[in-house]
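The values are calculated or read from the model by the stated rules, or taken from the named source; none is laboratory data. All of these numbers come straight from a predicted model, not from anything done at the bench. So basically every Cβ, Gly included, is an ideal-geometry build from the backbone, and we count neighbours across all protein chains shown. The area values use the complete protein model at the heavy-atom level, side chains included, leaving out ligands, DNA and RNA. Shrake-Rupley method; radii C 1.70, N 1.55, O 1.52, S 1.80 Å.
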Amino acid sequence: RVWSEPSGRIISIMPKDEKSIARTQARAKRRAIPAAVRDNAGTKAVAHFLDAIPLTAASVISAFWPLGDEFDSRPLLYALADAGHQVALPVVVGARQPLCFRRWHLGDEMATSSFGVSEPLAGAEEARPNIVITPFLAYNGQGFRLGYGGGYYDRTLRDLRQSGAGVLAVGLGFAAQAMATLPHDSYDEPLDWLISEAGAQRFVHAPGLD
């Protein structure tokens, strides 16, 4: 079971296990990131993303619209759209279901989901991304991310990877969200890359688009 916190992100109401404790710690850590770090962090990440991530004219890139104290992904969204890339945003279609992705263009009217998340209108064209940019609460040096408890990105990445077509999973967040010890299990899908205001990190054990 899940519920929506005031920021709108989905979190779990499971008993206090390791992940629940880690989420509480990670939220506090992210809230404490100073304004001096937040300022222009999204713009700095654009250069790191474009230098590190292999993009082609055929790339379909899904990103996320920021919510609350999440990393500001909008500079990257704008830069990708300005460069003519195909950009999509995720939409929750139901509990325990993979995300769907709808095309997004600069200037598009947006809807607000029941969780408070900005997303493309229902009539927007659906897309299948081969690069999925994800938010997170925390990440570790092995490429695992700590999500909000709904399992949407893990479920989606698993489906995309098992479909046979390559998909690159890219975490976008603050360098300070790193955690030395991060609980994970067999349901967690690893990231291929981590992009932050400080640079780009590749996780070589994870499958990527080589």
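Some points to look at:
- A count restricted to the stretch 156-172 and to residues that are out of contact with any Leu (no Cβ under 8 Å at 6 or more places or on another chain) and surrounded by fewer than 21 Cβ atoms within 10 Å (Cβ to Cβ) stands at 7.
- Matching option when the condition is open to solvent by 20 Å² or more (accessible area, probe 1.4 Å), at pLDDT 95 or above and among the acidic types (Asp, Glu), among Asp51, Asp17: Asp51
- Of all the listed residues (Gly151, Gly143, Gly164, Gly116), the sole one being of a type in the set (Gly, Ala, Ser) and more than 17 Å from the chain's Cα centre (by Cα) is Gly164.
- If only residues of the stretch 71-125 that are β-branched (Val, Ile, Thr) and either touching a helix residue (DSSP H, G or I) at 6+ places or on another chain (Cβ under 8 Å) or touching a residue at least 24 places away in the same chain (Cβ under 8 Å) (or both) are counted, the one that is nearest to Gly149 (Cα to Cα) is Val92.
- All of Trp193, Trp104 fail the test of being among the aromatic types (Phe, Trp, Tyr), within 15 Å of Val60 (Cβ to Cβ), at pLDDT 95 or above and open to solvent by less than 50 Å² (accessible area, probe 1.4 Å), apart from Trp104.
- All told, Ala178 meets the bar of being at pLDDT 95 or above, out of contact with any Lys or Arg (no Cβ under 9 Å at 6 or more places or on another chain) and under 19 Å from Ala41 (Cα atoms).
- Beta carbons closer than 8 Å, at least 6 apart along the sequence or on distinct chains, pair a first residue in the stretch 173-184 that is within 24 Å of Leu67 (Cα to Cα) and open to solvent by less than 10 Å² (accessible area, probe 1.4 Å) with a second that is part of a loop (DSSP other than H, G, I, E, B) and acidic (Asp, Glu) for Gly173/Glu70; Phe174/Glu197.
- Condition check for Thr43 on (1) at pLDDT below 95; (2) open to solvent by 70 Å² or more (accessible area, probe 1.4 Å): one failure, at (1).
- Candidates Leu157, Leu168 - the one that is of a type outside the set (Gly, Ala, Ser), farther than 15 Å from Ala52 by Cβ and touching a strand residue (DSSP E or B) at 6+ places or on another chain (Cβ under 8 Å): Leu157
Matching residues to (1) touching a Phe, Trp or Tyr at 6+ places or on another chain (Cβ under 9 Å); (2) among the hydrophobic types (A, V, I, L, M, F, W, C); (3) closer than 18 Å to Leu55 by Cα:
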| residue | (1), (2), (3) |
| --- | --- |
| Asp82 | no, no, yes |
| Val92 | yes, yes, no |
| Leu99 | yes, yes, no |
| Thr112 | no, no, no |
| Gly123 | no, no, no |
| Pro129 | yes, no, yes |
| Gly143 | yes, no, no |
| Tyr153 | yes, no, no |
